[in-house]
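Here's the structure, in structure tokens; my notes come after.
Every number in this text was worked out from the coordinates using simple rules, so none of it is lab data. Only a predicted model underlies this, so the values are computations on that prediction, with no experimental measurement involved. Because the Cβ atoms are built from the backbone with ideal geometry, glycine has one as well, and the counts that use them run over all protein chains shown.
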């Protein structure tokens, strides 16, 4: 089976992990700080705080921005449920903004229309979370302009997009957002096994994120009530969580980060080759104005009306050893969110995108021979009717 995604683990990754296992610190040690510093340098942020998953870091990011019960958080339906769930975990209410029909990314047009309506009704979102779907960067400049007009915070869900960028720099620099969140799940661009990170340009947000991922505890005497009792002393000054990343995970992340440029180059080459090989089939290749700005976490095709039904194509590909996937079932169509009042038909672009989408294999060690096998089998299935 050729999977849709796969981690790339080399000897240098294993050696880095073994070195930490043999050291004095396998958690809460210096390797975590080194990984955070390397990530901050890579994306040009003031600080990066790492954690045990992107979900944890989304939750911490929302909390750091003051999201609480009664607040409203908007994101897109074309994302994994964690983006919305993190708002529920804060006690907030969730809303959605429809996507662009050809990219799966948040529609600025729909966002602007919903904001205008929300202003009239008197309930604007406190936070909007655009998702850089498949590694393609959303129109962050336009979203930031709306954030300034309507005074909401912005968190970038960049789980797919470490290594991507736009005209103003790399994703994670937070030129147009308060916080940016990355994922290090095994199928993502780089991996720590499980893990995530949040970048920011705001020193106060960075300090709060650091506390939130470690129980809300501080050793900073300037934040304490009363005087410190000694060098061992700490205080819990707010409710936090054990969202810490271990040094074992950070060692793997550091080793992976050195090869990330190669991973991205290979993904871009594979995407360009798919574009060429698939152009005469009844499907739409990913739409992106500058392919060299995307991290290409996913390569998502959309079947046309002339193609066989998506389920038939999907099952036929799986039966012939091609481990395709679908990203994503719209969040508002999940039973949990339907019980909150959302219903099919609320976000037609997202529903239409989902109905025809298939993610083809995309990972750095995918050989041209295996990629050709994917294309040949897909061609057989689509042309057989």
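Taking each residue as 0.36 nm, the span from residue 117 to residue 289 lengthens on full extension beyond its C-alpha to C-alpha distance by 58.9 nm.
Between the helical axis of 108-121 and the longest alpha-carbon principal axis of the chain there is an angle of about 50 degrees. Suppose R0 equals 25 Å; then what is the FRET efficiency for residue 305 and residue 336 from their Cβ-Cβ distance, rounded to the nearest 0.05? For residue 305 and residue 336, the calculated efficiency is 0.20. Legend: calculated FRET efficiency, residue 222 to residue 26, from the Cβ-Cβ distance at R0 = 45 Å, rounded to 0.05, equals 0.90.
Taking the DSSP beta bridges with both ends in the chain, the antiparallel portion is around 60 percent. Relative to the longest principal axis of the Cα atoms of the chain, the long axis of helix 140-150 makes an angle of roughly 60 degrees.
Multiply the residue separation of residue 18 and residue 319 by 0.36 nm, subtract the distance between their alpha-carbon atoms, and state the gained length in nm to one decimal. Provide the component values of the computation, followed by the final result.
Numbers: separation 301, 0.36 × 301 = 108.36 nm, distance 3.87 nm.
Length difference between fully extended and current span is 104.5 nm.
Seen from every direction in turn and averaged, the convex hull around the alpha carbons of the chain projects onto 20.2 nm². Using alpha-carbon positions, what is the distance between the centroids of segment 316-349 and segment 213-289, in Å? With segment 316-349 and segment 213-289 each reduced to a Cα centre, they are spaced 26 Å.
Comparing 300, 155, 20 in a Gaussian network model of the chain (Cα springs below 10 Å), the most mobile by mean-square fluctuation is 20.
Largest GNM mean-square fluctuation across 172, 216, 226, computed for the chain with C-alpha springs under 10 Å, falls on 226.
With N set to the residue count of segment 194-293, report its C-alpha Rg divided by 2.2 N^0.38 Å to two decimal places.
Values: Rg = 22.4 Å, N = 100, 2.2 N^0.38 = 12.7 Å.
It is 1.77.
Taken along its three principal axes, the alpha carbon spread of segment 260-383 comes to 46, 35, 25 Å, from the longest extent down to the shortest. Against the main long axis of the alpha-carbon atoms of the chain, helix 310-319 sits at an angle near 90°. A Gaussian network model of the chain, with springs between Cα atoms under 10 Å, assigns the largest mean-square fluctuation among 362, 224, 89 to 224. Sorting the segments 193-200, 94-101 by their mean number of nearby beta carbons within 10 angstrom, highest to lowest, gives 193-200, 94-101.
Projected onto their three principal axes, the Cα atoms of segment 1-134 cover extents of 60, 39, 27 Å, largest first.
Under 16 Å from a label point set 7 Å out along the Cα-to-Cβ vector of residue 204, the amide N atoms of segment 160-184 belong to 178-179. Extension gain for the segment residue 343 to residue 11, taken as residue separation times 0.36 nm less the Cα-Cα distance, is 114.6 nm to one decimal.
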